[in-house]
Amino acid sequence: MSFKEQRIQEINSLAETKFLSLYDIKYKNKIGKIKSWTVASRKNLEALKQQHFNGKKEKTDAVVIFAVHKESKKLVLIKQFRVPVNNFMYELPAGLIDGEEKIEEALRRELKEETGLTLLEIDSSKKLLPVYASGGMTDESMAIMFCVCEGVPSIDYLEEDEDLEIKLVSQEEAAELLKQDIKIDAKAYLALHLFAMVGEKSVNLY
């Protein structure tokens, strides 16, 4: 975006925590009026200003993992307690990218931490960088990575605030889950639809 096309005019911090911050952003609407929008972000104030005012490349915040388990040919899901919904929710394994960590490194680390499984190979035919969680509320961006993994599922590597179960779901079980009244993340919902249709061929390594 060139300077003449700049819509965001000012960014002010409302609240900052270790993993999430809240900003009031002043922007020009389509008829040139200055309006305010409240935005949640993984980025600190300086990073946002560098990105929007100085043209610095946006950093991808998180990795989301669409993994097929090699031995069972099942989709790897987790069922994790989420405070905002006060319930367990079906999700794909995922996590924030640490510092200057590469996306592939974050994938390998988060897959191991959340499921105990080991990354074997990444499907490099799918280029989905970046995608956004909820563009009306947050600029959080993520890389959705398709891969094959192996090993025995384990919760031995979880952090103390991570409360989850590991679910290996067959193609038939994916179709059945979609019929149930469950709490489910939007990315996991779409992943289940894809896996219910084509199974392990969702990852272009079979």
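Quote the relative contact order of the chain in percent (integer), defining contacts as alpha-carbon pairs under 8 Å separated by 6+ residues.
Contact order relative to length: 21 percent.
Taking the convex hull of the alpha carbon atoms in the chain, what volume per residue do you get, in Å³? Please list the in-between numbers first.
Working: hull volume 30.1 nm³, N = 206.
Hull volume over Cα atoms, normalised by residue count, gives 146 Å³.
Sum -39500 (n - 2.57) across every DSSP H segment of at least 4 residues in the chain, then divide by the residue count to get the 222 nm mean residue ellipticity, nearest 500. It would help to have the intermediate numbers written out before the result.
Working: 4 runs with 42 residues, N = 206.
Estimated from H runs of four or more residues: -6000 deg cm²/dmol.
Take the alpha carbon atoms of segment 99-118, find their center, do the same for segment 142-206, and report the distance between the two centers in whole angstrom.
16
Hey, got a sec? Which chymotrypsin sites (Phe, Trp or Tyr not before Pro) in segment 13-93 land in a DSSP loop and have at most 14 other Cβ atoms within 10 Å?
Details: sites: 19, 23, 27, 37, 53, 66, 81, 88, 90; in loops: 19.
Passing sites in segment 13-93 are 19.
If you place +1 on the Cβ of every Lys and Arg and -1 on the Cβ of every Asp and Glu, how big does the dipole about the Cα centre of the chain come out, in debye to the nearest 20? Don't skip to the answer; put the middle values down first.
Details: 30 positive and 35 negative charges, 287 e Å.
My answer is approximately 1380 debye.
Give the residue list of trypsin sites (Lys or Arg not before Pro) in segment 1-106 that are DSSP loop and have at most 10 other beta-carbon atoms within 10 angstrom.
Values: sites: 4, 7, 18, 26, 28, 30, 33, 35, 42, 43, 49, 56, 57, 59, 70, 73, 74, 79, 82, 102; in loops: 7, 18, 30, 33, 42, 43, 56, 57, 59, 70, 73, 102.
For trypsin sites (Lys or Arg not before Pro) across segment 1-106 that sit outside H, G, I, E and B with at most 10 neighbouring Cβ atoms in 10 Å, the list reads 18, 30, 33, 57, 102.
Which of 70/127; 74/187; 73/201; 70/183; 73/167; 30/59 have a Cα-Cα distance over 20 Å?
Details: 70/127 22 Å; 74/187 17 Å; 73/201 9 Å; 70/183 27 Å; 73/167 13 Å; 30/59 27 Å.
Cα-Cα > 20 Å for 70/127; 70/183; 30/59; rest within.
Using only the Cα atoms of segment 73-189, build the gyration tensor, take square roots of its eigenvalues as a ≥ b ≥ c, and label the shape rounded, prolate or oblate: rounded if a/c is under 1.5, else prolate if a/b is larger than b/c, else oblate. Intermediate results must be reported in sequence, preceding the final value.
Values: a/c = 1.24, a/b = 1.09, b/c = 1.14.
Rounded, since a/c falls under 1.5.
Would you pull out the residues with amide H under 5 Å of residue 123's amide H, same chain only if 5 or more places away, H placed 1.01 Å from N?
146, 147, 148
Let me know the charge dipole size of segment 3-53 about its Cα centre in debye, to the nearest 20, where only the beta-carbon of Lys, Arg (+1) and Asp, Glu (-1) is charged.
On the way: 11 positive and 5 negative charges, 54 e Å.
Here the size comes out at about 260 debye.
Computed from the coordinates by the stated procedures, all read-outs in this text should not be read as laboratory data. Remember, predicted model here, so these are calculated numbers, not experimental data. Methodologically, a virtual Cβ is constructed for each residue, glycine included, from the backbone with ideal geometry; neighbour enumeration extends over all protein chains shown.
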